[in-house]
1. Return a yes/no flag: does segment B:69-80 have any residue that is touching a helix residue (DSSP H, G or I) at 6+ places or on another chain (Cβ under 8 Å), at pLDDT 70 or above and under 25 Å from B:S226 (Cα atoms).
2. Could you list, in sequence order, the residues of segment A:196-224 that are surrounded by 24 or more Cβ atoms within 10 Å (Cβ to Cβ) and more than 8 Å from chain B (Cβ to nearest Cβ)?
3. Please go through (1) more than 8 Å from every other protein chain (Cβ to nearest Cβ); (2) crowded, with 23+ Cβ neighbours inside 10 Å for B:M248 and return the number of the only condition it doesn't satisfy.
4. Scan segment A:33-57 residue by residue and report those that are within 11 Å of DNA strand D (Cβ to nearest atom) and β-branched (V, I, T).
5. Considering each of A:L22, A:L30 in turn, give the residue that is more than 14 Å from every other protein chain (Cβ to nearest Cβ), within 13 Å of DNA strand D (Cβ to nearest atom) and assigned to a loop (DSSP other than H, G, I, E, B).
6. What are the residues in segment B:1-19 that are more than 11 Å from DNA strand C (Cβ to nearest atom) and in a loop (DSSP other than H, G, I, E, B), if any?
7. So, B:R284, is that one modelled with pLDDT under 85 and not in a strand (DSSP E or B) or not?
8. Within 22 Å of A:I150 (Cβ to Cβ), within 16 Å of DNA strand C (Cβ to nearest atom) and either modelled with pLDDT under 90 or surrounded by 19 or more Cβ atoms within 10 Å (Cβ to Cβ) (or both) - does that describe any residue in segment A:41-49?
Number of protein chains: 2
Amino acid sequence: MNRTALSPKEMAEAIGVSESSLKRWADGGLIRVARTAGGHRRISLPEAVRFVREQGIPIVRPELLGLPEVSSLQLELQRAGSETDRLYDFLTTGRSKEARGVVTSAYLRGTSAAQLADDIIAPAMARVGDLWRHDPAGIFVEHRATDIMIQAVNQLRLLIEPPANAPEAVGGAPAGDPYVLPSLLVATVLTAEGYHAVNLGANCPTDSLLQAAQQHKARLAWISISGVTLEPFLARDMVDFSGKLAAMGTRLIIGGRTRPVLPAGSDRHIQTGVTMAELAAFARGLLAADDARQQAS
Amino acid sequence: MNRTALSPKEMAEAIGVSESSLKRWADGGLIRVARTAGGHRRISLPEAVRFVREQGIPIVRPELLGLPEVSSLQLELQRAGSETDRLYDFLTTGRSKEARGVVTSAYLRGTSAAQLADDIIAPAMARVGDLWRHDPAGIFVEHRATDIMIQAVNQLRLLIEPPANAPEAVGGAPAGDPYVLPSLLVATVLTAEGYHAVNLGANCPTDSLLQAAQQHKARLAWISISGVTLEPFLARDMVDFSGKLAAMGTRLIIGGRTRPVLPAGSDRHIQTGVTMAELAAFARGLLAADDARQQAS
DNA sequence: GGTAAAATCGATCAAATCGTTCAATTCCTG
DNA sequence: CAGGAATTGAACGATTTGATCGATTTTACC
């Protein structure tokens with residue numbers, strides 16, 4: 001079941017080390033622990049996840065971390081094929097638990113959220129999307145797979161905790177674009193990069209996005225384009241839009257399957273990308289620049 | 001429910017410790033408690049806040065402490081509506097963590113998934129949906145709220161596990177209907193009722209639904225209508241559709257904001273409902289009938 | 001006002017965790 | 001390979017925690 005906090009013993013058993021070592025690591029500051037009034041250590045799940053990822057520690061008993069789907073996945077003895085193949089297999093056969101396991105365990109093993117999206121999830125979903133061309137049952141399988149994927153990414157999102165003073169990021173899919181998953185992935189990637197991501201989801205007018213950015217004093221805004229093409233007139237809208245955002249200190253990044261073509265010379269305040277890795281890199285760069293500026297002052 | 005005073009049980013749940021520990025801390029002077037005439041402990045909200053701050057104890061379920069900025073010293077004890085009010089507040093102000101807390105804690109306290117949907121989530125989302133009429137920022141708030149709600153329901157869904165041999169249920173929103181949340185709620189309610197629910201999400205053609213029902217040998221199929229109205233010709237489609245489903249042992253239930261009007265005399269294999277409670281009742285009835293038949297044989 | 005259900009009381013007890021010490025193991029370096 | 005440093009895991013008594021109990025108080029409802 002879903003734990004809110006772990007005791008040293010639980011986490012020690014989960015990763016297969018002694019309780020003593022875990023306590024020593026906690027006392028040495030390697031693991032951030034809260035304390036009960038009586039002095040007992042309590043470890044939050046996102047903190048445990050952060051630690052095992054950074055240290056590259058294999059998880060022996062995932063169910064102790066509240067992640068039973070990871071353990072059930074281990075029962076599927078190393079099947080042949082890449083992670084994408086396995087994910088595709090689980091998605092098309094409706095095995096949601098195993099699909100969640102693929103995503104979660106890949107992240108726990110150290111795969112970055114962006115890599116996960118680019119190299120595992122996107123290819124699998126692309127293959128799922130091709131199904132309906134050949135298979136009459138493709139549409140239902142695609143719908144089911146999408147739902148499963150949304151579940152999996154939402155679960156992943158809960159395992160990541162941005163720092164307390166994280167800058168805000170706001171975004172969504174443009175008006176007329178009904179796809180939920182891509183924007184959800186962006187929100188997850190940005191959370192992993194240390195932002196507090198506010199996802200406005202599918203079909204979100206730019207006006208609404210602008211207001212959200214204002215209210216949240218967002219450092220970064222994203223638009224995730226999947227279901228519509230960025231028409232030239234829309235591209236001009238975007239340039240105008242990004243100008244308004246820039247005026248209040250918010251940088252805009254636009255992404256999608258294909259790199260949007262913007263009017264020449266308009267790439268001053270507007271960034272485009274087709275992969276989550278690009279998005280993550282840009283977001284990281286923005287943070288680094290802000291940090292440098294703060295240190296200088 | 002903004003309480004002026006907390007019971008030991010409430011505060012214990014809020015910070016994720018046992019009631020015993022809290023009472024011991026109170027008796028040891030760590031927490032200043034008032035006593036009722038009968039000797040029960042009462043902890044003031046400021047005292048609770050002071051304690052968790054001093055001890056650095058993470059607050060697991062902040063909604064139980066009532067939020068300071070809600071400020072209004074409403075003495076009203078927990079009514080059915082108060083939870084909706086809090087949820088609405090969290091949804092409109094973008095506090096996703098707290099919103100998830102309302103949903104999860106309500107479920108953990110014993111509220112059924114159907115009740116949660118009908119009495120807490122639906123009213124809150126309806127109020128959110130009214131926002132755009134009066135507030136220019138309404139659209140963005142609505143999008144943000146929807147995303148938060150989807151997260152919360154997905155999290156709830158992960159907390160519920162159907163029995164191993166659960167019958168399958170398949171459904172989604174009809175073609176042209178872009179709303180994700182209602183069908184997700186149906187899937188969650190059915191999971192809580194003991195079904196293995198396969199959600200095909202928004203904008204799902206009936207053909208795909210039929211194929212999914214076939215492949216899964218579904219006992220139950222649902223169509224959740226939100227964004228489109230059930231036109232008469234579509235209604236006739238539905239009767240035809242439900243006939244095909246019935247032929248393979250799948251019962252159909254159609255739901256939405258308004259009760260769909262079906263051609264007279266067609267209600268043999270088709271069920272309609274406007275509340276999740278109706279849906280849950282029908283699903284339960286189906287299960288009970290099956291069980292009785294199995295026992296008889 | 002009266003009654004039944006729910007919550008809380010105070011107390012007890014087993015299990016978990018505390019901080020510390022120490023021996024065994026691993027790692028590093030000359 | 002020898003030997004010192006660092007890491008690990010086990011053990012210890014003292015303390016903390018969480019579950020449980022029958023008795024009492026509070027709350028909800030009529």
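1. For segment B:69-80, residues touching a helix residue (DSSP H, G or I) at 6+ places or on another chain (Cβ under 8 Å), at pLDDT 70 or above and under 25 Å from B:S226 (Cα atoms): absent.
2. Those that are surrounded by 24 or more Cβ atoms within 10 Å (Cβ to Cβ) and more than 8 Å from chain B (Cβ to nearest Cβ): A:A197, A:A213, A:A218, A:L220, A:A221, A:W222, A:I223, A:S224.
3. So the condition that B:M248 fails would be (2).
4. Selection gives A:T36, A:I57.
5. From the options A:L22, A:L30, the qualifying one is A:L30.
6. B:M1, B:N2, B:T4, B:G16, B:V17
7. no
8. Our first condition is that a residue be within 22 Å of A:I150 (Cβ to Cβ); within segment A:41-49, this holds for A:45-46, A:49.
Still in the list and also within 16 Å of DNA strand C (Cβ to nearest atom): A:45.
Filter once more, keeping what is either modelled with pLDDT under 90 or surrounded by 19 or more Cβ atoms within 10 Å (Cβ to Cβ) (or both): A:45.
Yes: one or more hits.
The values are calculated or read from the model by the stated rules, or taken from the named source; none is laboratory data. Because the structure is predicted, anything quoted here is derived from the model rather than measured. With ideal geometry, Cβ positions are generated from the backbone for all residues, glycine too; neighbour counts draw on all protein chains shown.
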